[in-house]
Structures are given as C-alpha cells and as structure tokens.
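Taking it in order: structure first as structure tokens, then the write-up.
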Amino acid sequence: MKLHFIKPLSLAVLVLSLTLASCLKDKAYDNGEIQSLQGSGIKVISIGTYVSSQANFASYAYNSSAKDTVVNLIPVELGGPSAAPSDIHVKLVENDQLVTDYNTNNGTDYAPPTGLFTVVNSGGVVTIPKGSRVGYLQIKFVPNDLIGTDYALGYSVSSVQEPGYTISANLKDGIAAILIKNKYDGLYTLRELTTGWGAYSIADGQEYTWPSPVGFATVGSNSNLISTQEVGVAQVAFAPGGGLAGFGAATPQYNFDPTTDKLTSITNLTPDSRNRAFPMNPAITTSRFDNATHNIYLDYEMTQNGRPIQYIYDTLIYIGPRN
C-alpha cells in the first residue's frame, strides 16, 4: 500500500478557510465540533483521511492478488485531551453521495465497488480501543477484482455508542480511493537530462542520476506519479553540477494507454498562476513503458508563463516492486 496522495487546496478554498478561521462564531465552533480548532476538554470523533479541497480524501494503492485481502480503510480518530479511557464504538455508514460529489467537483470518475467488498466490522461499528486514539473500518476484497477501474468508498460518522463524545462538524465524512497497483508501478533508478532552462539554474544538456530509488506510484488504473525521498511528488530537476531540485506548483501525473503502453499525456495536478504545464514533446513519439524490461521512457516539455520551453528526458530503470 501506501501511497497517500493529497489533492492540494485551491487558492480560493485556502482563502475561504482562513477567513472562516478568523471569524468562526457559528454553532459548530461554539460547540467544539471543529476538530482542527478545538483544544479544550471536548472529545471529538472524526474521520482521519487526509483533507483536500473538496472532501476528506485519501488514496491507497494495494498489491494485485487473487486472494481475499483485509485492509484498514477508514481511520476514525478521537480528538481531545487524552486517549480513550475505555473502548469507544463509532458507527459508520456508507455514503456514496460523497463520491458522486467529489467526482463532480474534481472531474474524476471514481465508482463505489458495489458487490466487490464486504465490511469486516459488524454493523459498520469501528472500535477505538482503550488507550488509543484511532480505530479502523476494515473491508475485505479480492484485489484482482478491482483492476481496471478507479474505485472509491465514502463513509460518514453516524453515531457514537458511548455518551460524552461529539461528532466533528467538518471531519465527519471521508472518502478512500482504492487502487490496485498498475503494471507501471515500481521502484526505479531515474536518469534525467534537461535543456532550455540553463538561465534559471537548471542543468542544461547534462544527464544526472537521482541519488535514491524513486517510486512510480499508482494514482489510477493507468496513471502514476514519480515520488522521491528528497522532494516528494514534485517535478524533479538537477542544478548545474548535479545538485538536486524540485519545482513548486508542478506535480506531473503520467497517463498511459493501457493497450499500447505509450505515454499519452501528462497532467499537472498542482498548477498556480505561473501555469506550469507538461505538454508532450511533439518531436519524440517513443515515450512508453517497455513491457519486456519494465523500463519507462518519458520525453516531454515543461512550460511556464514568461519562460522558454524546458525539455525533459527521463529514463526510469526498473529495480523491483514498490512496497
């Protein structure tokens, strides 16, 4: 497992969030139901997936398998001054409307895996054990049954069995995307050559090798991100002489044709006013995944307002599977 990929806050949402934080005098705030702001003795129950601009959202990539697999999918968390004094029983209910709304707001096409999973927790009740702050909704499924489609499940906190706990007003809903690692997923050695941005302290015409293995992590049935220890999922680069760099507002998602394994497009998931984008290099039509060697060849451009084109030539040499 375990890519947690978080869609970033848009500027408008960030401004709205800051505005609300500065003037929150509504009922939820007064009642201590805003998990991120409450710090008194009020004990708040919330869903602990990661916050994105539209929903409490997390994405998990699992190994392919033909066997029943049980996973901890939805974390339920206790906020407040101390851990659970005794077992806390929190009922969750499936809420497919969360997934529908997320698709509408983000242009995605996640689908609930109806009929392809079972909930392990009896009655959908998650137990936060005594002495802990988190419990999990567990589901069971056969990973190979989910290959080829981007699935997601939405859940909401319905009730808490024990008295004295408050359900969070802003973190009571959560979505977990369930992805099965695609054939491109793995650990790789990355070699990169760039040209065109020598005036901006980016290596121009020299090829360098990234110092640590990079992950080519599943984010869709045929789309992946490069993830590094040093700069995360940002577009990587080298300075003249081989120093490491990573661009802000530049998170390339590589999209493949699952039939031909050719690279078809690259989407920047985190653009800002600089409009950094990653069009395909029209002069090179061999960007692809090589099914025989598992190596990947990525030749593309990086554009930005007011700058010339930067040409990027990446070669990923397969090392092995990613944990």
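Since every read-out is calculated from the coordinates, none of them should be taken as a lab result. Because the structure is predicted, anything quoted here is derived from the model rather than measured. In this analysis, Cβ positions are derived from the backbone assuming ideal geometry, glycine residues included, and neighbour counts consider all displayed protein chains.
Starting from the amide H of residue 65, placed 1.01 Å from N in the peptide plane, find each other amide H under 5 Å away whose residue is 5 or more places distant or on another chain.
Result for residue 65 returns 144.
Compute the helix-to-body angle for 96-106: its Cα long axis versus the longest principal axis of the chain, expressed 0 to 90° and rounded to tens.
In the chain, helix 96-106 runs at an angle near 40 degrees to the longest axis.
Calculate for the chain the 222 nm mean residue ellipticity that helices alone would give, adding -39,500 (n - 2.57) per DSSP H run of length 4 or more and normalising by residue count, nearest 500 deg cm²/dmol.
It comes out at -2500 deg cm²/dmol, rounded to the nearest 500.
With respect to the cross-link table entries 91/140; 91/181; 140/181; 67/183, which display a Cα-Cα separation exceeding 23 Å?
91/181
Quick one: work out the % antiparallel among DSSP beta bridges in the chain, nearest 5.
90
Using the crude model of +1 on Lys and Arg Cβ and -1 on Asp and Glu Cβ, and no other charge, please compute the dipole size for the chain relative to its Cα centre, in debye to 20.
That gives the chain a dipole magnitude of about 460 debye.
Calculate the FRET efficiency for residue 140 and residue 106 from the Cβ-Cβ distance with a Förster distance of 30 Å, rounded to the nearest 0.05.
0.60
For the chain, which longest stretch is free of loop sites, where a loop site is one of the trypsin sites (Lys or Arg not before Pro) that DSSP puts outside H, G, I, E and B and that has at most 14 other Cβ atoms within 10 Å?
The reported range is 131-323.
Got a sec? How would 157, 134, 71, 76 order by Cβ neighbour count within 10 Å, fewest to most?
134, 71, 157, 76
Around residue 289, with a cut-off of 10 angstrom between Cβ atoms, what is the net charge of the other residues, counting Lys and Arg +1 and Asp and Glu -1?
0
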